[in-house]
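The values are calculated or read from the model by the stated rules, or taken from the named source; none is laboratory data. Everything numeric in this text was worked out from a predicted model, so none of it was measured. No Cβ is skipped: glycine too gets one built from the backbone with ideal geometry, and neighbour counts run over all protein chains shown. In case anyone asks, the SASA skips ligands and DNA or RNA and just uses the protein heavy atoms, side chains included. Shrake-Rupley method; radii C 1.70, N 1.55, O 1.52, S 1.80 Å.
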Amino acid sequence: MHSSKNKHRKSIGELVTENHVLAEVLHYFGISFFQHEQHSLEDVCAKYKVNPSQVIAELEEWASRVEPTSDELFLHPIGVLVGYLKKKHRYFIRQALPFLTSMVEGIEMEKSQKSLITDLRLMFPLFVDDFIHHIHEEEDTLFERIAYLHEIENGSIPLNEAIKVFALPSIQRMAAEHDAHDDEMKGIRKLTNDYLISKDASISVRVLYLELQKLESELMIHAKIENDLLFPKAVELEREVFRRLHLQIKSN
């Protein structure tokens, strides 16, 4: 309890330096950490009418979250895997991307880095638009197709309707097109020189680079789960549905 009270009195800058995840937690509560680096957590929470203990509790809860491993996800049926990926999509759209956007737009850099932040402010919104478009496209094509195949498999769709699935682009083809989206942050990585943090970088720039790196790492894991687990399971589902439909056509 004593250490928690000490945290309340420490400056936002100190706390974020100790644990940069706090920056995202503060954003969750509607607080931009880079505007209050010199202020104590206690003072900032009072200003925003937030309980500092609640912020620390949220931080601890976030720290204790454990993502399932690929092996664990592999053991689940494809419907559970799609549910997990949809949940990650919501996290990217509602939390990670707005948080990073607020930093890119709001952080002030030293004069020597003015051109970098100007370029980042042009490039990052384009990346966000592309990525959100990719998420919606994936949910409207691949995820919809998986749901449709499940309906056919369960016998919810009459045979004369179900056979139309043969005329649709194959999931194998979708997989090949999906590979093209795998390195979406290439431009940002190049611009920031592989997220190289200089020794004299400010706390806010340090956090920005760490969070950009964290997002890239999460996107790579996400793409790997889709490529290595989701697509093979979806191809297998499609193959099984086609096999059953061929049998039904023969027996009719």
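What to note about this one:
- Selection from region 97-111 of residues that are in a helix (DSSP H, G or I), open to solvent by 40 Å² or more (accessible area, probe 1.4 Å) and in contact (Cβ under 8 Å) with a residue 40 or more places away in the chain: Pro98
- One residue alone among Pro52, Pro68 is in contact with an Asp or Glu (Cβ under 7 Å, 6 or more places away or on another chain), at pLDDT below 95 and open to solvent by less than 70 Å² (accessible area, probe 1.4 Å), and that residue is Pro52.
- Checked against the criterion of being open to solvent by less than 80 Å² (accessible area, probe 1.4 Å), without any contact (Cβ under 8 Å) to a residue 40 or more places away in the chain, among the basic types (Lys, Arg) and part of a helix (DSSP H, G or I), the candidates Arg121, Arg94, Arg90 yield just one match: Arg90.
- Condition check for Phe166: of a type in the set (Phe, Trp, Tyr) and under 17 Å from the mean Cα position of the chain (by Cα): no
- For Thr17, the criteria (1) open to solvent by 80 Å² or more (accessible area, probe 1.4 Å); (2) at pLDDT 95 or above hold in every case but one, which is (2).
- Comparison of Tyr195, Tyr209 shows that the only residue that is at pLDDT 90 or above and either among the basic types (Lys, Arg) or in contact with a helix residue (DSSP H, G or I) (Cβ under 9 Å, 6 or more places away or on another chain) (or both) is Tyr195.
- Unique match (being within 27 Å of Phe143 (Cβ to Cβ), in contact (Cβ under 8 Å) with a residue 24 or more places away in the chain and open to solvent by less than 80 Å² (accessible area, probe 1.4 Å)) among Glu24, Glu42, Glu37, Glu58: Glu24
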